Each structure stands twice: as C-alpha cells, then as structure tokens.
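Working notes for the structure below.
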Amino acid sequence: MNGLDEYGISPEQAWLGTFVAGVVALAGSALVFTERVYYGFIWRYFWGPVAADADGARCVAYLRDSGDVVFNPAAGCGVVENAYVAEPGYTTVSTIGYMVVLVFMLWGVYLLLQRFDLRPYPDFFLSLVPFMLFGGALRVVEDSFVAAQRAGADPAVGFPASGALISPFIYFTVFFVTLVAFLLAKWLQWNDHTETYSYPLGAMGAGIFLLTAGYLTMLSVTRDYVGWYPLVTVTTVGLATLLAVGAYYGLDRYAPEVNAGTGTMGLVVVWGHAIDGVANVIASDWTGAFGIPGEGYSAKHVVNRIIIDVTNAVQPAWLTDIVGDSWTFLVVKLIVAVFILSVFDEQFFDESPRYAVLLLMAILAVGLGPGTRDMIRVTLGI
C-alpha cells in the first residue's frame, strides 16, 4: 500500500473507491446496454438463476424478440430460440464472478476488522460458527417458500424480497446480521458489561440459529408440504463428526505439522466440510433409505456436478447402483480441507493472525453454510 500512501489514500478509501466505481460502471453499462449487459450477462448468469430458484422452476427465459420473461417455457429449457435462458444453481461464469466478489469483500472485511481487537483469535473464530449454521437454516426458510408455492399456498415472503435468502445474496444478508451482532458484542465489552466479546457474540449467533430452526420445526408440524425426517440430521452430524475427528487425530499422529497452526479451528473446518459432503451424498443418493419421497436432489454447484460426472464416467454402473455417484464429492471435500489446513502453518498465524483467521472463516462458511442448508432441507423433505 506504499504507493497509495504517496497520494494520501488509505487502503479503506481505495477499497471504497473501487467498490463505488465498480457498481457505477456495472449499473451504467446495464442502463445503456440493457439487453446485452443486463439480460445477456447480469440476468442470465446471476439474477435469472435466483428468480428460477425462488419460483421452483426448471428454468426461466428472457425472450429477446418480445422482451418477455417466461418461466418453464413450453419449448423446453434447452431449445428456446433467440432467448437468454437461466436455470437454478451456479454456472462457470457465475462461479468465477462470485469468487472475484468474495475475494474483494474479504479484503474489505479484513480492513474493517483491523480496527478491532479480536484476540484471542480462536475464540473469535468459534463465536462465528453459529452464524454459519444460521445462514444454512435461513436458506431453508426460502426453500419452504418454494414448497408452499408448489403446494398451492402463499409463501410467507414472495419474490423478489425472498431473493435476499437465496445464494449468493444470502451471504450478504448473513454478513450484515453478523456485523450488527459483532458490533453489539464489542459495545458490551467496551462498556464493561462483559469481559469478552466472544461469548455474547456466540450466544447471539446460537440464539438466531435456534429461532430459525424453531420456525422450520413449527412448519413441519403445521404444514402438510413440510415433512420431518430427523434421522437425516442425526446421520449427517454423526458421520461428519466421526470423519472429522478421525481425520484430525490421524493427522495429529502421522502429520502433526498440519494441525500445528490451526488447532481446534482446523477440526471445525474439516467438520464443516464433512457436513457438506455427507449431506450431499444423502441428498443425492440416499433419500429413499430415509423414507423421503421423490427422486432425490440434484447438484447445483459446478464443481459438484463435475465430480459426479467424472464418477459416472469412471465408476462401473453396477457399483453406482449400490453406492451412488456422489460419494466422491465427500472424499474430495475432506482431502481439500486437509490440504488447505496444511497451508495454515504456525508461521502463517504468527505473521498474519487476522488474515489467517479471516481466510479460515471464509473456507468454513462455503462448506458449513451450504451443508447445513442441504441437511435441514432434506430433514424437512422440501
């Protein structure tokens, strides 16, 4: 940042200026070149998938000739002529776009957190875990809106307001909720109402998670379109915990340098990604074993779909009939999580503890958040 200092520009000002310039450039281009930039790029890869997801549609098409937006076009999702078609889930373009936004936002969060004393860092990390569980549960609330529509009932919140609860916008929603809770916890500490900010912060996260889970449980009791299959949650949490603890203590014995930097935080990261992996396997291949009607759930993430496609190409059909084709996703999640932890050695934490913890939180969030959503969604059969 020395180059910025020469011009009297702080890193925070540089971040804010870049953010404003990016928003103005994108919004201006969308206004001037509406069809090409807005519908051809923003709508097609980002907003259209969210709209299709909120409606529970297979796809949504923007007809370039008439300018109409049609859900589930009669011609089919793949053969609509002269139209931009968007399907629920992620594409390669949107995945890259979200990664760029994530990195940029992490920079902004890092600059913000520099203004606060976060020590002890492991406590800060662990106090934010309930907010990631809350994010996954909150996403299922939107799934319940779609289930209501399919059952012919009015959802509690309609689109586009419900878009705030759909990926990727839900990440911003959860971030702002977490930020408010963090500032409140620091205020309590600064005013000597508590010795540490981490306990009230974690308690607030646990509270809103339990409230959200309680609302979803209430729906399972009062709404016919919401089921109740608690064995899914028990199995997911149980298997993920066994895998994470086994991996952690296995590393502690045979490769202790991997755990040396992260400690308990590393165990939580592996556990979060194990939750995601196990929930995906159950959702994709084993819903019938739990008595859940339907044909299971399909993968919406690009990487997940690629892994499943590769598995189907390599694995014999008879073996797929027995074990399914999504188990490799769980294996990849565990391997990648362990590999990432190996990067966070003691030297990394000693030199940049804030940056290291921030990255660990982001890594955990992209596993535990979606994993919690999949687990609770399948538990409710929606």
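Please list the three semi-axes, largest first and in whole Å, of the ellipsoid equivalent to region 107-211, using sqrt of 5 times the eigenvalues of its alpha carbon gyration tensor.
32, 14, 11
Find how much the distance from residue 193 to residue 77 grows on full extension, using 0.36 nm per residue of separation minus their present alpha carbon separation; answer in nm with one decimal.
That pair, residue 193 and residue 77, stretches by 36.0 nm at full extension.
Apply the a/c threshold of 1.5 to the C-alpha gyration tensor of region 44-148 and tell me whether it is rounded, prolate or oblate.
Prolate, since a/c reaches 1.5 and a/b exceeds b/c.
Between region 228-271 and region 309-378, what's the alpha-carbon centroid distance in Å?
11
Over region 256-382, what per residue volume does the convex hull of the Cα atoms give, in whole Å³?
117
With a Förster radius of 56 Å, plug the Cβ-Cβ distance of residue 255 and residue 175 into 1/(1 + (r/R0)^6) and report the FRET value to the nearest 0.05.
On the way: r = 34 Å, r/R0 = 0.61.
Plugging the Cβ-Cβ distance into 1/(1 + (r/R0)^6) gives 0.95.
Once you've got the GNM for the chain with C-alpha springs shorter than 10 Å, pick whichever of 363, 208, 96 has the biggest mean-square fluctuation.
Greatest mean-square fluctuation among the candidates belongs to 96.
For 249, 225, give me the order by solvent-accessible area with a 1.4 Å probe, most accessible first, ignoring ligands, DNA and RNA. Write out the running numbers ahead of the final one.
Numbers: 249 135, 225 60 Å².
Highest to lowest solvent-accessible surface, that is 249, 225.
Relative contact order for region 261-382: what is it in percent, counting Cα pairs under 8 Å that are at least 6 residues apart?
Numbers: 110 pairs, mean separation 58.2, N = 122.
Relative contact order here is 48 percent.
From the protein chains alone at 1.4 Å, what is the descending order of accessible area for 239, 63, 360, largest first? Could you put the intermediate results ahead of the total?
Numbers: 239 85, 63 45, 360 0 Å².
My answer, sorted largest first, is 239, 63, 360.
In vacuum, with every alpha carbon of region 1-105 counted as one equal point scatterer, what does the Debye formula give for log10 I(q)/I(0) at q = 0.11, 0.24 Å⁻¹? Two decimals, please.
-0.46, -1.26
How would you classify region 150-305 from its alpha-carbon gyration tensor, with a ≥ b ≥ c the square roots of the eigenvalues: rounded for a/c under 1.5, else prolate if a/b is greater than b/c, otherwise oblate?
The shape class here is oblate.
Of the candidates 212, 320, 241, which one comes out as most mobile in a Gaussian network treatment of the chain with C-alpha springs shorter than 10 Å?
Residue with maximal mean-square fluctuation among 212, 320, 241: 320.
Report the net charge of residues surrounding residue 281, where surrounding means a beta-carbon distance below 13 angstrom and charges are Lys +1, Arg +1, Asp -1, Glu -1.
-3
Residue by residue through region 109-116, which ³J(HN,Hα) values in whole Hz follow from phi under the Karplus form 6.51 cos²θ - 1.76 cosθ + 1.60 (θ = phi - 60°), with glycine and proline marked x?
Ordered by residue, 3J(HN,Hα) equals 5, 4, 5, 5, 5, 4, 7, 10 Hz.
Got a sec? What order do 273, 301 fall in by accessible area at 1.4 Å, biggest, i.e. largest, first? Numbers along the way, then the final one.
Values: 273 20, 301 80 Å².
Largest to smallest exposure gives the sequence 301, 273.
Quick one: pull the percent of accessible area on the chain belonging to carbon and sulfur, 1.4 Å probe, ligands and nucleic acids left out.
The computed percentage sits at 65.
Per residue, how much accessible area does region 228-334 have with a 1.4 Å probe, in Å²?
50
Gain in length, residue 104 to residue 218, computed as 0.36 nm per residue apart minus the alpha-carbon separation, to one decimal in nm?
Details: separation 114, 0.36 × 114 = 41.04 nm, distance 3.84 nm.
Once the chain is fully extended between residue 104 and residue 218, it gains 37.2 nm.
Roughly how many nanometres apart are two label points built 7 Å out from the Cα toward the Cβ at residue 305 and residue 33?
2.5
Given N residues in region 178-263, what is its alpha carbon radius of gyration divided by 2.2 N^0.38 Å?
Details: Rg = 19.2 Å, N = 86, 2.2 N^0.38 = 12.0 Å.
Relative to the 2.2 N^0.38 Å estimate, region 178-263 comes out at 1.61.
Which one of 16, 364, 216 has the biggest mean-square fluctuation once the chain is modelled by GNM with Cα springs under 10 Å?
Greatest mean-square fluctuation among the candidates belongs to 16.
Can you tell me what the convex hull of the Cα atoms of the chain projects to on average, as an area in nm²?
Spelled out: convex hull of the Cα atoms, projected over all directions, averaged, 22.9 nm².
The values are calculated or read from the model by the stated rules, or taken from the named source; none is laboratory data. Everything numeric in this text was worked out from a predicted model, so none of it was measured. Positions of Cβ are backbone-derived with ideal geometry, glycine not excepted, and every protein chain shown enters the neighbour counts. Calculation scope for accessible area: heavy atoms of the full protein, side chains included, ligands and nucleic acids excluded. Shrake-Rupley method; radii C 1.70, N 1.55, O 1.52, S 1.80 Å.
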